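Colleague: Dropping the structure in here first, questions after.
The values are calculated or read from the model by the stated rules, or taken from the named source; none is laboratory data. Worth saying up front: this structure is predicted, and the values here are computed from it rather than measured. All Cβ positions, glycine included, derive from the backbone under ideal geometry; neighbour counts span all protein chains shown. To get the accessible areas, we keep the full protein, side chains included, count just its heavy atoms, and leave off ligands, DNA and RNA. Shrake-Rupley method; radii C 1.70, N 1.55, O 1.52, S 1.80 Å.
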Amino acid sequence: MQKKSFYITTPIYYPSDKLHIGHSYTTVAADAMARFKRLTGHQAYFLTGTDEHGQKIERRAQEAGKEPQEFVDEIVDWIKKLWTVLDISYDDFIRTTEQRHKDSVQKIFTKFYEQGDIYKSKYEGWYCTPCEAFWTERQVEEGNCPDCKRPVELVAEESYFFKMSKYADRLIEHIENNPEFIQPASRKNEMINNFLKPGLEDLCVSRTTFKWGIPVPFDPDHVIYVWLDALSNYITALGYLSEDDSKMKAFWPADVQLIGKEIVRFHTIYWPIFLMALGLELPKQVFGHGWLLLEEGKMSKSKGNVIDPEVLVERYGSDAIRYFLLREIPFGADGHFSEEALIQRLNFDLANDLGNLLNRTLAMLNKYYQGKVPTPSLDEAIDEELKSMALDLPQKMTERMDQLLFSNALSELWKFIARANKYIDETAPWTLAKEGNQQRLATVMYNLLESIRIVSVLLLPFMPRTPERIWQQLGIAHEGKIHTWDSIQEFGALPAGAQTKAAEVLFPRLELTAEGGGPVRQATKKDKPAPAPKEDKKKMAEKDGLITIDDFARVDLRIAEVKTAEKVEGADKLLKLTVSLGEQERQVVAGIAQHYGPETLTGKQVLFVANLKPVKLRGIRSEGMLLAASDSEGKLVLVGPQDSIAAGSKVK
Ligand code: MSP
């Protein structure tokens, strides 16, 4: 049976500077989607590339004292290397300076001209060079670009114009009739109300005051407007109007075009109108994702190392960075990036949840079965919940991915990881071993290992390197047929008898050495893989997930009373609180804003960890932690004393 095709694109990047971590966001998301589609049996085609012409690049090259081509070549090489480092599995990388692209764009321009969509006139108006965008007098905001807020320039030159208004009504109709075309829906309303309804002006599609672009074939003093040149990449890469347009036939229309929110206008007004004029179908969906911001605002190269994707990958590894980008921020919304937030995510989700599941399971397997996968033989009711959750996962994650809900897809997977960790505590394999309940012990251990295998397969699109490391440890690295989507449709594909390896730490726990974002982290002692079994009581307790009373006594648990609470600007989940511990007050930042309004908290008594090392969250110092319980449905409640007691009372 022929595989269903799936065409996904990212914007093509300006090689005017090295890219920052925000730029990587679109590409990592597109890559996760392409990999997910491949895993689920589609023939995915994933396109990215570089947008190399235009006045901005020409000026940047001049500033650098280089020819434009030489200038972009170096940066494009760097961009390609970055994508390799981030494991971006693109099928094609198009450069707008390639001959195949230039030929096709010239044919497109000629076609427009010959069919009467383009005419020659004179442009007088405003231009934003950083955005490469024309603006009308009405749109300009006090001499600045309404998008990037930088100064616009007055331009007066002979130009070719495209008759946008001719297609406006058809476009409005298409947008209204196809609600999935522009996503998220809020961006659709913005386009209709702010740009389409007020009426479209004809678009200037050539320039004469600089040279760095594709010449208009029949009037070479003009270069083609860079957005017409750039947007065409999505079809020129498929061979549109070339001798071999087989890819065009196989993949157009695109299934999803991912872009950042500031270029939605170009992709949902200009682009569909050009496509209509060419008589081509429109992409099924254009998704405008939010921005990755810093506390101080927008990212820019001046922010240095903190946002350099190469540096971040070197420090944390590409899978960790990919995980953070996909998990931390709901795809349509803006979100914040900081190394503190990154480290928290990595410690909680990767080192603790995922890492512990693997480590605890393998350490017990080593001890009880010399590392060999046992044959399950005695099912109990408690196993069913784990198994049915595992079997529902592929479908649940597919549904989330089809809506580009990367973060939700991952949280489904992590709910299962949490369930498997809980299964260890519930089944207490160490007790089964002590009681000599071999049949049950073998079943529990098998179920855990099989759960880990299922998790590893589902991780593939998001963290392409980690599954291989898990398979190495499970001793199934060469068993390709149980790394597939088909193999996770049943629970039990892991062969009994496989010889696992000693547990290795997948993700070390990390800490920032300098408060507020120092660059160097060190693995803590907890990073060491679970120790080989010894009949030492303390060690045995550690290995079985138990702690001693001395361990517990190290946590200074107190009753805290909330004095003030307020929202943290720009963070949906966080509240800033001051709490009293009797003789002293503490400031804490707690992730409870979606469960408690600040006004409901004053006077509440809450369990509090008083000797936690302070950290900064969103730039605010947090000196302790409120304790809360949460269930698998996402409900969260603060935990406090049954009766009122003096603030600062010790809990033991
Ligand atoms: N060259 C144009 C696109 C032409 S597509 C026919 C362009 N290039 S860009 O290099 O400036 O941006 C490429 C992508 O990176 C855009 O989707 C943009 O939204 C995205 N991002 C740039 N900074 C970003 C963040 N800080 N956060 C998230 N995405 C960001 O625009």
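Colleague: All but one of (1) at pLDDT 95 or above; (2) out of contact with any helix residue (DSSP H, G or I) (no Cβ under 8 Å at 6 or more places or on another chain); (3) open to solvent by 70 Å² or more (accessible area, probe 1.4 Å) hold for N178; which doesn't?
Modeller: Only one criterion in (1) at pLDDT 95 or above; (2) out of contact with any helix residue (DSSP H, G or I) (no Cβ under 8 Å at 6 or more places or on another chain); (3) open to solvent by 70 Å² or more (accessible area, probe 1.4 Å) is unmet by N178, namely (3).
Colleague: Still on this structure, I have one more. Can you tell me which residue among Y240, Y225 is within 15 Å of the ligand (Cβ to nearest atom), within 30 Å of Y119 (Cβ to Cβ) and open to solvent by 10 Å² or more (accessible area, probe 1.4 Å)?
Modeller: The conditions single out Y240.
Colleague: Let me ask you something else. Can you confirm whether H42 is open to solvent by 20 Å² or more (accessible area, probe 1.4 Å) and within 10 Å of the ligand (Cβ to nearest atom)?
Modeller: So H42 fails the test.
Colleague: Name the residues in the range 332-372 that are of a type in the set (F, W, Y) and open to solvent by 10 Å² or more (accessible area, probe 1.4 Å), would you?
Modeller: Those that are of a type in the set (F, W, Y) and open to solvent by 10 Å² or more (accessible area, probe 1.4 Å): F348, Y368, Y369.
Colleague: Take the residues in the range 283-294 that are buried (at least 20 other Cβ atoms within 10 Å of the Cβ) and closer than 24 Å to H42 by Cβ; name whichever of them is nearest to the ligand (Cβ to nearest atom).
Modeller: Within the range 283-294, the match that is nearest to the ligand (Cβ to nearest atom) is H289.
Colleague: Do the conditions hold for D147, that is, is it of a type in the set (D, E, K, R), away from the ligand (no atom under 16 Å from the Cβ) and surrounded by 13 or more Cβ atoms within 10 Å (Cβ to Cβ)?
Modeller: No: the conditions fail for D147.
Colleague: So, one more: Residue by residue through the range 448-505, note down the ones that are open to solvent by 10 Å² or more (accessible area, probe 1.4 Å) and without any contact (Cβ under 8 Å) to a residue 24 or more places away in the chain.
Modeller: The answer is E468, W471, A477, H478, E479, G480, K481, D486.
Colleague: Would you confirm whether or not the range 48-63 contains a residue that is under 23 Å from G332 (Cα atoms), crowded, with 23+ Cβ neighbours inside 10 Å and either touching a helix residue (DSSP H, G or I) at 6+ places or on another chain (Cβ under 8 Å) or free of Cβ contacts under 8 Å to residues at least 40 places away in the same chain (or both)?
Modeller: There is at least one residue in the range 48-63 that is under 23 Å from G332 (Cα atoms), crowded, with 23+ Cβ neighbours inside 10 Å and either touching a helix residue (DSSP H, G or I) at 6+ places or on another chain (Cβ under 8 Å) or free of Cβ contacts under 8 Å to residues at least 40 places away in the same chain (or both).
Colleague: Looking at (1) within 26 Å of F134 (Cα to Cα); (2) among the charged types (D, E, K, R); (3) open to solvent by 10 Å² or more (accessible area, probe 1.4 Å), which is the only condition K249 fails?
Modeller: So K249 meets the others, but not (1).
Colleague: Could you please find all residues in the range 15-37 being more than 22 Å from S338 (Cα to Cα) and either of a type in the set (D, E, K, R) or open to solvent by 10 Å² or more (accessible area, probe 1.4 Å) (or both)?
Modeller: S16, D31, R35, K37
Colleague: Among the numbered criteria (1) within 16 Å of the ligand (Cβ to nearest atom); (2) at pLDDT 95 or above; (3) in a helix (DSSP H, G or I), which one does L312 miss?
Modeller: (2)
Colleague: Suppose we keep only residues that are among the β-branched types (V, I, T) and modelled with pLDDT of 90 or more within the range 595-630. Which one would you say is farthest from E566 (Cα to Cα)?
Modeller: V609
Colleague: Do the conditions hold for R170, that is, is it open to solvent by 40 Å² or more (accessible area, probe 1.4 Å), closer than 30 Å to L404 by Cβ, among the basic types (K, R) and touching a residue at least 60 places away in the same chain (Cβ under 8 Å)?
Modeller: yes
Colleague: While we're here: I'm trying to understand the selection: among the residues of the range 583-594, which are touching a Gly at 6+ places or on another chain (Cβ under 8 Å), modelled with pLDDT of 90 or more and under 19 Å from A646 (Cα atoms)?
Modeller: R586
Colleague: Turning to a different aspect of this structure: For the range 310-327, state whether one or more residues are of a type in the set (F, W, Y) and either open to solvent by less than 10 Å² (accessible area, probe 1.4 Å) or in contact with a Cys (Cβ under 8 Å, 6 or more places away or on another chain) (or both).
Modeller: Checked the range 310-327: at least one residue is of a type in the set (F, W, Y) and either open to solvent by less than 10 Å² (accessible area, probe 1.4 Å) or in contact with a Cys (Cβ under 8 Å, 6 or more places away or on another chain) (or both).
Colleague: I need the helices (runs of 4 or more DSSP H) fully contained in the range 210-289, keeping only those with at least 1 residues that are among the small types (G, A, S).
Modeller: 226-231, 246-251, 271-278
Colleague: If I ask for residues that are surrounded by fewer than 20 Cβ atoms within 10 Å (Cβ to Cβ), not in a helix (DSSP H, G or I) and not β-branched (V, I, T), which ones from the range 597-609 would you list?
Modeller: Of everything in the range 597-609, those that are surrounded by fewer than 20 Cβ atoms within 10 Å (Cβ to Cβ), not in a helix (DSSP H, G or I) and not β-branched (V, I, T) turn out to be G597, G603, K604, L607.
Colleague: Does D392 count as in a helix (DSSP H, G or I) and without any contact (Cβ under 8 Å) to a residue 40 or more places away in the chain?
Modeller: yes
Colleague: Further question: Just give me the residues in the range 570-593 being under 26 Å from H336 (Cα atoms), in a loop (DSSP other than H, G, I, E, B) and either of a type in the set (A, V, I, L, M) or free of Cβ contacts under 8 Å to residues at least 24 places away in the same chain (or both), in sequence order.
Modeller: Result: A571, D572, K573, L574, G591, I592, A593.
Colleague: Select, from D245, D229, the only residue that is at pLDDT 95 or above, over 21 Å from A156 (Cβ atoms) and within 30 Å of the chain's Cα centre (by Cα).
Modeller: D229
Colleague: With the structure loaded, tell me whether E201 is within 24 Å of D229 (Cα to Cα), outside any strand (DSSP E or B) and in contact (Cβ under 8 Å) with a residue 40 or more places away in the chain or whether it fails that test.
Modeller: yes
Colleague: So E504 ticks every box in (1) modelled with pLDDT of 95 or more; (2) under 27 Å from the mean Cα position of the chain (by Cα) but one. Which box is left unticked?
Modeller: The one condition E504 does not meet is (1).
Colleague: Has the range 1-15 got any residue that is more than 10 Å from the ligand (Cβ to nearest atom) and assigned to a helix (DSSP H, G or I)?
Modeller: Within the range 1-15 (the criterion being more than 10 Å from the ligand (Cβ to nearest atom) and assigned to a helix (DSSP H, G or I)), the answer is no, since none of the residues qualifies.
Colleague: For the range 20-122, please list each of the helices (runs of 4 or more DSSP H) lying entirely inside it that holds at least 3 residues being among the β-branched types (V, I, T).
Modeller: 21-39, 68-85, 99-114
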